[in-house]
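Let me begin by presenting the structure, written as structure tokens, before commenting on it.
The values are calculated or read from the model by the stated rules, or taken from the named source; none is laboratory data. Note that the structure is a prediction, hence the values are computed from the model and not measured. Here the Cβ is made from the backbone with ideal geometry for all residues, glycine too, and neighbour counts use every protein chain on show.
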Amino acid sequence: MKTKQTNKAFITATTSLAFMSMLSVSAFSSATQKVSEEELKSQENTNNAVGFGTGVVFGAAVAGPVGAAVAGLFGLFIADDINDEKRLELTKNELQTRSTELSALQQEYDINMEEANAQIAAMDSAVNEAIQQVTPNLETNIQFKTASFLIEEHYKSQLDGLASQLRQNPKLKIELSGFADQRGESQYNQVLSEQRANAVKDYLISQFVNDNQIITQSFGESELVSTEGNFEENFFDRRVQVKVSSKGPEMTAANN
């Protein structure tokens, strides 16, 4: 009778110890929210040992040696669950830190891009203003033979130099105005003046000048240099007037 009472007291004591140990593991797992990798590894080893020991004591108290082995493994599973929760918490904390860092970097990038765009816009404005100040309005004429819109060879070298300047300075604009002398029908002269302006334009484009830099217009015989109508004066009316400036002309491309 006395032996049974002693065993009963032992079982009661060991059972209490087992539950207290399990509670201590749970309390220990929630005590620290942020741990390093080394601390986590040490914590895992401790949790495993406590979990296994708790299971053994509890199993031995309830079911003897076999129960001790089974309950010991059960205690390890409990410790693994605790360790997994801590590792998951650590991973979440690291992800949150990385997310905060990325957000800060994105904000810094956006600010830098805004500043860079503002600087580029200011530089473009300054360059355009400088070009307008240093680039004079250039004007010259390409003359043509009677009833012809073919460009004479000695003008092509001049147009080559002009094309080079236009390619190097995309901000430059060129205005081509075609004219004809007063001989012949007015409608014919209008078409001829248009053909002359387009001939110069086509040559410049063949030299890789951007089409957007060129504006053509034609006036036929409506704007004569001289109304005397003699051979010498007519020569000056068979022409394409070339104007180059840093500011585009007020007009749009048109044939008048």
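Would you pick out the residues in segment 203-221 that are of a type in the set (Phe, Trp, Tyr) and surrounded by 18 or more Cβ atoms within 10 Å (Cβ to Cβ)?
Narrowing segment 203-221 to residues of a type in the set (Phe, Trp, Tyr): 203, 208, 219.
Scanning segment 203-221 gives Tyr203, Phe219.
Give the number of residues within segment 222-237 that are acidic (Asp, Glu) and surrounded by 15 or more Cβ atoms within 10 Å (Cβ to Cβ).
First pass over segment 222-237, keeping only residues acidic (Asp, Glu): 223, 228, 232-233, 237.
Those still in the list that are surrounded by 15 or more Cβ atoms within 10 Å (Cβ to Cβ) too: 233, 237.
Going through segment 222-237 one residue at a time, the tally reaches 2.
Before we move on, is Ser246 surrounded by 15 or more Cβ atoms within 10 Å (Cβ to Cβ), touching a helix residue (DSSP H, G or I) at 6+ places or on another chain (Cβ under 8 Å) and at pLDDT 95 or above?
No, not satisfied.
Show the residue pairs meeting these rules: Cβ distance below 8 Å; 6+ apart or different chains; first residue within segment 187-200 and closer than 17 Å to Asp211 by Cβ; second residue modelled with pLDDT under 95 and not in a helix (DSSP H, G or I).
Qualifying pairs under 8 Å: Glu194/Asn255.
Of these, Gln182, Gln217, which one is in contact with an Asp or Glu (Cβ under 9 Å, 6 or more places away or on another chain) and assigned to a strand (DSSP E or B)? Step through it out loud before you land on a result.
Values: Gln182 fails: assigned to a strand (DSSP E or B).
Criteria check complete, one pass: Gln217.
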